[in-house]
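Any read-out appearing in this document is the output of simple, stated calculations on the displayed coordinates, not a laboratory observation. Because the structure is predicted, anything quoted here is derived from the model rather than measured. Here Cβ is always computed from backbone atoms with ideal geometry, including for glycine, and neighbour counts include all displayed protein chains.
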Amino acid sequence: MRPAATRRATASGLTGIAVLAAYLLDYLGRVWEPARRLSAVSPFHYFEPMPLIAGQSFNGGNAIVLAAISIVSIAAAYVAFNRRDI
């Protein structure tokens, strides 16, 4: 299996671009109604610390979605790491 990136700098750059795109997608969904449904793809959509600071109750649904994203991402990384050819 061919790796997605052969250099650390390339992998870090691709990861940074993906994170920036997810953040911008979430922000766009907050300010532009047609993009609101698409912003649910971004993990930033489910991380909202300001309501907690303002004294509102904790949203357990958002925490479950973030935990699921983490579990799926870790599983995918584990599979990709085991399939690498050293």
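Summary table
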read-out: Estimated vicinal HN-Hα couplings, Hz - region 61-72 in sequence order (Karplus 6.51, -1.76, 1.60; Gly, Pro = x); value: x, 5, 5, 5, 5, 5, 5, 5, 4, 5, 5, 5
read-out: Highest-fluctuation residue, Ala54, Ala21, Ala40 considered, GNM on the chain with Cα pairs under 10 Å; value: Ala54
read-out: Computed [θ] at 222 nm, helices only, for the chain once each DSSP H run of length n ≥ 4 contributes -39500 (n - 2.57); value: -20500 deg cm²/dmol
read-out: Among Gln56, Ile69, His45 - extreme Cα towards positive end, dipole of the chain, charges at beta-carbon; value: Ile69
read-out: The chain - percent relative contact order, Cα under 8 Å, separation 6 or more; value: 25
read-out: Cβ-Cβ FRET estimate between Thr10 and Glu33, R0 fixed at 35 Å, reported to 0.05; value: 0.45
read-out: Label selected from (1) 36.3, 124; (2) 36.9, 121; (3) 16.4, 51, the criterion being Rg and Dmax of the Cα atoms in Å as computed here; value: (3)
